Amino acid sequence: MTKEKKCIDLVNKNYQSRLKEISNAYNNDDLNISEWLSEYGLSWDYVVSDTFDNQSDGYYRWQLSWGGPGDEFRIYTDNDKNIKSVEYWYLDWFDGASITVNDKEIINVINWQLECDLTPMEHEEKAA
């Protein structure tokens, strides 16, 4: 009987696949990156603080897929939308694992998306 792999065993491989897709798009001069971003993934939203148990900080979420398994980027910023940290999460039923993201293509694409969004404080006030 083979042991089913946990998210911790799969997160880096899946991140590398996403990194390759995003890097290829980012570096493709023939591609309209804005159009590509509007079709890549499922959503871009803000998860206000205390949405989930043990989640004291709000974060921007770039959700790429959903269900079992799913994956997403979680972007933590200050109120001026300066990035503090970016995490890539690989999630499956009752399991999840993350890695820290520092790749410039990912960070640049995320910054473009942040430019068009509300600040964390505006999101928190809107949710209250």
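The values are calculated or read from the model by the stated rules, or taken from the named source; none is laboratory data. For clarity, every value in this text was computed on a predicted model and none was experimentally measured. We place every Cβ from the backbone using ideal geometry, glycine too, and count neighbours over all the protein chains shown. Heavy atoms of the whole protein, side chains included, go into the accessibility calculation; ligands, DNA and RNA do not. Shrake-Rupley method; radii C 1.70, N 1.55, O 1.52, S 1.80 Å.
Please tell me which of these pairs span more than 28 angstrom C-alpha to C-alpha: K13/K126; K13/K104; K81/K104; K20/K84?
Those over the limit are K13/K126.
With each run of n ≥ 4 DSSP H residues scored as -39500 (n - 2.57), what mean residue ellipticity at 222 nm is computed for the chain after dividing by its residue count and rounding to the nearest 500 deg cm²/dmol?
Taking each H run of at least 4 residues, the total per residue is -11500 deg cm²/dmol.
In what order, largest first, do L19, L42 sit by accessible area if the probe radius is 1.4 Å?
Details: L19 25, L42 105 Å².
Highest to lowest solvent-accessible surface, that is L42, L19.
Leaving ligands, DNA and RNA out of it, rank D71, D117, D29 by accessible area with a 1.4 Å probe, largest first.
So, going from the largest accessible area down, we get D29, D117, D71.
Distances over 20 Å make up what percent of all Cα-Cα pairs in the chain?
Within the chain, distances greater than 20 Å cover 47 percent of Cα pairs.
What residue among I75, I110, I33 shows peak mean-square fluctuation when the chain is described by a Gaussian network model with Cα springs under 10 Å?
The residue with the greatest mean-square fluctuation here is I33.
On the protein heavy atoms, probe 1.4 angstrom, tell me the percent of accessible surface of segment 1-64 carried by carbon and sulfur.
The computed percentage sits at 42.
How about segment 34-65: which chymotrypsin sites (Phe, Trp or Tyr not before Pro) there lie in a loop by DSSP and see at most 12 other Cβ atoms within 10 Å? Before the final figure, lay out each step's value.
Details: sites: W36, Y40, W44, Y46, F52, Y59, Y60, W62; in loops: Y40, F52.
Passing both the DSSP loop test and the Cβ count: F52.
If exposed means no more than 12 neighbouring beta carbons inside 10 Å and the site is in a DSSP loop, what's the longest run of the chain without any exposed trypsin sites (Lys or Arg not before Pro)?
Longest stretch, sites excluded: 6-128.
Provide the per residue accessible area, probe 1.4 Å, for the chain, rounded to a whole number of square angstrom.
65 Å²
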